[in-house]
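One structure below.
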Amino acid sequence: MPEIDALFESINLRDLLAGHDLNDPTTPLSAPDLRLLINRLDSHSLRIKSRVQSYLLAHHSEFSDLFSTCQDAVSRTRLISDDVSDVVDLISDRPIDVEVRRVVDEITEKTKEVKLKRESLGVVSGIVGICEALQGAKVALRGGRFRFAAERIREMKGVLRVGEEEEGEPVAYVLLRKEWSDCFDEIQEVLAKFMESAVRFEMESCKLRISYQLSVGEITGITLSTVFEAMEVIGMLDYGLAKAADSIFKHVITPAVTHASTFNAVEDSCKTSGDVTEATLKLEQSSDHKTEDVDGDAIYSGIVKVVKFICSSLCFGNVTYIHSFGRLTWPRISELIISKFLSKVVPEDASKLGDFQKVIERTSQFETALKELSFVSPSDAEGRLSRYAENVEVHFASRKKIEILAKARNLLLQCNFTIPKGLAMRNASFKSDGVESIDENSSKQIVRLLFTSEMCMVSEAASQLMHLVHKTLEDVCVSSARVASEFYHAARDSILLYEAVVPVKLEKQLNGINQAAALLHNDCLYLFEEILGLAFEYRDSFPSSIKEYAVFADVAPRFKLMAEEVLQRQVQLVVSSLQEAIDSADGFQDTHQIKQFESAKFSIEQVVFSLEKVHMIWEPVLRPKTYKQSMCMVLESVFRRITRDILLLDDMAADETFQLQRLIHLMMENLSSLLRSLKFADDSSRPLDDLIPSLRKTRKLAELLDMPLKSITSAWESGELFSCNFTRTEVQDFIKAIFADSPLRKECLWRIEDVVN
């Protein structure tokens with residue numbers, strides 16, 4: 001309707017208000033303008049209506065056709081909707097889709113069944129074929145067609161995927177594999193029997209016989225080459241040759257090594273109709289009296305001759321067969337040569353190592369000859385003989401190390417850790433005189449400590465052990481790097497053997513008080529100082545390659561600690577024994593009674609006896625300074641315990657104090673010789689009262705037992721009792737136990753309390 005469109009486009013407000021500028025915001029429309037605009041819009045509206053009516057009348061037929069077409073479309077849409085409703089109703093009443101699905105599922109199932117039957121038929125056909133092949137292999141085996149049977153076995157192995165079993169496989173395959181395994185075992189057994197009949201060693205005639213025409217049971221006319229081919233096909237060369245290799249090694253090769261000087265092998269063969277049917281190798285005793293085979297010529301030449309015979313007569317020159325035989329025998333041959341020859345010609349002395357060079361050359365030539373024969377595979381680490389020979393220095397050092405450790409162990413185990421009686425008396429005399437009156441070479445058990453320069457008695461084991469270590473380290477200084485390393489470790493291990501062996505050996509003695517324990521203490525002290533000095537003495541002369549790790553300082557502290565532990569344990573054992581003896585005195589109570597006094601007296605005598613015994617055990621063995629310190633520790637524990645028990649008495653009668661004083665005087669009198677010997681045991685000028693603080697206290701306690709109350713009080717006020725290690729409480733309790741309550745006692749106790757020490 002272009003006319004109508006043009007009419008609408010002709011309406012323009014600017015034209016309707018021609019006298020007014022609509023773009024000027026400062027001049028808004030007035031009321032007359034708006035009325036004029038409304039009138040003109042009404043006029044235009046009437047004109048548009050008139051035009052539309054005229055257009056409709058002019059195109060009445062076209063509009064009628066348009067409306068009829070729309071009515072027909074609506075009618076057809078309703079018809080289609082009715083048809084669709086009918087179809088939906090039909091489907092709802094009879095579910096045809098279910099029927100279609102059922103038919104489709106049935107077709108699918110039938111198709112699967114047909115496919116499964118076809119596959120099953122294929123499997124059955126395959127199983128039948130495998131069974132026929134295995135049966136054919138058995139028939140061929142019994143008919144002597146070994147190669148055919150072997151090829152069938154190999155083929156079926158791949159078909160059945162033997163060795164590649166998976167879970168969930170059909171039972172038929174499991175049964176077929178078992179059938180195959182039985183068939184393989186059967187052919188393997190048959191071929192092994194033929195190999196066993198082919199290679200025989202006759203003990204009576206000392207002859208190795210190899211037959212080429214073989215018969216076993218009903219199977220005859222089989223050649224040895226056929227047996228080899230069948231064994232190669234099924235991969236049982238090693239299994240088939242195992243017995244033959246063992247027999248040849250035992251009866252032929254072993255004599256070639258162990259009796260090389262008289263070993264002689266002679267080859268021979270037997271022909272029938274121009275064909276060789278048998279080969280023999282006869283072992284004969286050589287009539288020539290050969291000299292000792294020092295470089296291995298006879299051994300190596302004999303073995304090479306045997307190997308050549310095996311390669312040509314048994315293995316037919318086939319490299320595969322030769323490799324298999326070599327794998328079975330070469331490790332045993334090499335070990336035999338090492339144990340029976342090479343290890344025995346290793347020089348005993350490092351100076352003779354150069355003479356071993358010829359053996360190294362002959363060993364290398366021997367292995368080269370075997371490699372050329374393909375008996376030894378170049379890819380294998382078969383150079384074991386050459387390596388062993390070339391490492392003769394290490395073998396020499398290893399053997400020497402074993403000898404050194406064995407010697408160290410034996411001397412540690414054989415030593416009884418006792419001191420000869422004469423030596424003990426001379427040692428005691430030496431210590432008391434303070435003069436070096438003993439020839440140090442007269443006994444290996446008297447040594448001089450390295451850092452303190454003191455003479456010390458040690459066990460023969462410790463002395464000989466350090467002599468062995470020094471000799472070994474001297475060898476380290478003049479040896480090559482590899483030998484020096486072994487010797488160095490031998491020296492270290494020998495020292496550590498003492499730590500491992502001796503404490504276990506002396507376990508029972510260490511639980512008691514004896515000279516063996518004192519000797520062990522001295523040994524550890526001696527070894528401690530000697531070990532510390534080893535690095536200073538030898539390190540500069542060591543080969544540079546071992547200077548980096550050759551140390552002994554890590555070992556020395558262990559012996560120092562062991563020495564302290566052993567001595568401390570001995571002191572503790574003595575103290576425990578003495579404490580038990582003092583316990584029998586029952587705290588020194590009621591000593592004014594005869595029975596109690598005798599019991600306390602016996603206790604004191606037991607203590608004195610034990611101390612004298614310890615003196616006799618320790619004094620000849622321990623260093624003077626150590627002996628003095630240890631005895632002072634023991635005496636301190638005795639005096640401290642006795643004074644403590646007496647001071648703990650809460651009530652003492654006059655007779656009781658007298659008896660206690662007698663007991664103290666008896667003890668001091670019996671110990672006078674011991675105390676006197678301690679005073680001069682070493683060069684120290686320090687008084688015994690300083691080393692045994694309770695000694696002064698014990699003596700003073702004997703005086704206090706018959707001292708007046710005022711004198712006791714004055715002694716405390718003057719500081720005399722305090723200097724004897726008495727405490728204020730001990731003095732006060734002592735006064736209360738002896739003196740009855742009185743104004744004087746109260747005054748004295750007050751004076752003691754008032755004194756500040």
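The values are calculated or read from the model by the stated rules, or taken from the named source; none is laboratory data. It should be emphasised that the depicted structure is a prediction, and the values quoted were computed from it without experimental measurement. Positions of Cβ are backbone-derived with ideal geometry, glycine not excepted, and every protein chain shown enters the neighbour counts. Surface accessibility is based on the protein's heavy atoms, side chains included, excluding ligands, DNA and RNA. Shrake-Rupley method; radii C 1.70, N 1.55, O 1.52, S 1.80 Å.
So, in Å, what gap is there between the alpha-carbon centers of the stretch 574-640 and the stretch 320-344?
Going from one Cα centre to the other spans 73 Å.
Helix 594-618 sits at what angle to the longest principal axis of the chain, using alpha carbons and giving 0 to 90 degrees rounded to 10?
So the inclination is approximately 70 degrees.
Can you tally the net charge around GLU393? Count Lys and Arg as +1, Asp and Glu as -1, for every other residue whose Cβ sits under 10 Å from the Cβ of GLU393. Mind showing how you got there, number by number?
On the way: positive: ARG482; negative: GLU390, GLU486.
Summing Lys and Arg as +1 and Asp and Glu as -1 gives -1.
Against the longest principal axis of the chain, how steep is helix 624-647, in degrees 0 to 90 to the nearest 10, with axes from Cα atoms?
In the chain, helix 624-647 runs at an angle near 80 degrees to the longest axis.
Divide by every residue of the chain the summed helix terms, -39500 (n - 2.57) for each DSSP H run of at least 4, and state the resulting mean residue ellipticity at 222 nm, rounded to the nearest 500 deg cm²/dmol.
Working: 32 runs with 514 residues, N = 757.
The per-residue figure over the chain is -22500 deg cm²/dmol.
Calculate one ³J(HN,Hα) per residue across the stretch 524-533 by plugging θ = phi - 60° into the Karplus curve 6.51 cos²θ - 1.76 cosθ + 1.60, and present them in order as whole Hz with x for glycine and proline.
Coupling constants for the stretch 524-533: 5, 5, 5, 5, 4, 6, 5, 5, 4, x Hz.
Starting from the 7 Å offset along Cα-to-Cβ, what nm value, one decimal, do you get for the label separation of ASN416 and GLU605?
3.4
Taking amide H positions as placed 1.01 Å from N in the peptide plane, with prolines and chain starts having none, which residues 5 or more places from PHE263, or on another chain, fall under 5 Å of its amide H?
Long-range HN contacts for PHE263: SER286.
In nm, give the distance between the simple-model label positions of VAL84 and ALA172, each being 7 Å from the Cα along the Cα-to-Cβ direction.
According to this spin-label approximation, the distance is 5.7 nm.
Using R₀ = 60 Å, calculate the FRET efficiency as 1/(1 + (r/R₀)^6) where r is the Cβ-Cβ separation of ASN670 and ARG387; round to 0.05.
Values: r = 75 Å, r/R0 = 1.25.
Step by step, r from the Cβ atoms, then E = 0.20.
Quote the relative contact order of the chain in percent (integer), defining contacts as alpha-carbon pairs under 8 Å separated by 6+ residues. Intermediate results must be reported in sequence, preceding the final value.
Working: 753 pairs, mean separation 47.9, N = 757.
6 percent.
From the protein chains alone at 1.4 Å, what is the descending order of accessible area for MET562, MET631, MET616, largest first?
Details: MET562 25, MET631 0, MET616 130 Å².
My answer, sorted largest first, is MET616, MET562, MET631.
Could you give the length gained by full extension between GLU155 and LYS547, i.e. 0.36 nm per residue of separation minus their alpha carbon distance, to one decimal place?
Details: separation 392, 0.36 × 392 = 141.12 nm, distance 6.51 nm.
That works out to 134.6 nm of additional length.
Can you work out the Karplus-derived ³J(HN,Hα) for every residue in the stretch 384-392? Use 6.51 cos²θ - 1.76 cosθ + 1.60 with θ = phi - 60°, whole Hz, and x for glycine or proline.
Values per residue, Gly and Pro as x: 5, 5, 4, 5, 5, 5, 5, 8, 4 Hz.
Just to confirm a number: summing +1 for Lys and Arg and -1 for Asp and Glu over residues other than ALA490 whose beta-carbon lies under 11 angstrom from that of ALA490, what do you get?
Working: positive: ARG399, LYS400, LYS401, LYS407, LYS471, ARG492; negative: GLU403, ASP475, GLU486, ASP493.
That sum, taken over residues with Cβ under 11 Å, equals +2.
So which lysines can LYS508 reach, going by Cα to Cα under 27 Å and dropping same-chain residues fewer than 8 places off?
LYS508 reaches LYS407, LYS421, LYS444, LYS560, LYS613, LYS625, LYS628.
DSSP loop (so not H, G, I, E, B), at most 15 other Cβ within 10 Å: list which GluC sites (Glu not before Pro) in the stretch 212-258 pass both filters.
On the way: sites: GLU218, GLU229, GLU232; in loops: GLU218.
Hits after loop and neighbour filter: GLU218.
Could you tell me which label, among (1) 39, 31, 26; (2) 104, 75, 32; (3) 49, 34, 23, carries the value of semi-axes √(5λ) of the Cα gyration tensor in Å calculated for this structure?
Of the labelled values, this structure produces (2).
Heavy-atom accessible area of THR220 with all protein chains present, probe 1.4 Å, nearest 10 Å²?
90
Taking θ = phi - 60°, what integer Hz values does the Karplus form 6.51 cos²θ - 1.76 cosθ + 1.60 yield along the stretch 76-82, in sequence order, with x for Gly and Pro?
5, 4, 5, 4, 4, 4, 5
Give the angle, between 0 and 90 degrees and rounded to the nearest 10, that separates the Cα long axis of helix 654-670 from the longest principal axis of the Cα atoms of the chain.
On a 0 to 90 degree scale, this one is about 90.
Say a site is exposed when it is one of the chymotrypsin sites (Phe, Trp or Tyr not before Pro), sits in a DSSP loop, and has at most 15 other Cβ atoms within 10 Å; what is then the longest site-free stretch of the chain? Mind showing how you got there, number by number?
On the way: sites that count: PHE316, PHE451, TYR549, PHE680.
Maximal segment without exposed cleavage sites: 1-315.
By how many nm would the segment from GLU267 to LEU648 lengthen if fully extended, with 0.36 nm per residue of separation less the alpha-carbon distance? List each step's numbers first, then the result.
Numbers: separation 381, 0.36 × 381 = 137.16 nm, distance 10.60 nm.
Going from the current span to full extension adds 126.6 nm.
In nm, give the distance between the simple-model label positions of GLU474 and THR368, each being 7 Å from the Cα along the Cα-to-Cβ direction.
Going from the GLU474 label point to the THR368 one covers 4.3 nm.
Of all the accessible heavy-atom surface of the chain, with the other protein chains kept in place and a 1.4 Å probe, what percent is carbon and sulfur?
53
Where only protein heavy atoms count, and the probe is 1.4 Å, what is the accessible area per residue for the chain in Å²?
Counting only protein heavy atoms, the per-residue value for the chain is 55 Å².
Which length gain, in nm to one decimal place, applies between SER742 and SER711 when the Cα-Cα distance is subtracted from 0.36 nm times their residue separation? Could you put the intermediate results ahead of the total?
Details: separation 31, 0.36 × 31 = 11.16 nm, distance 1.62 nm.
My answer for the length gained is 9.5 nm.
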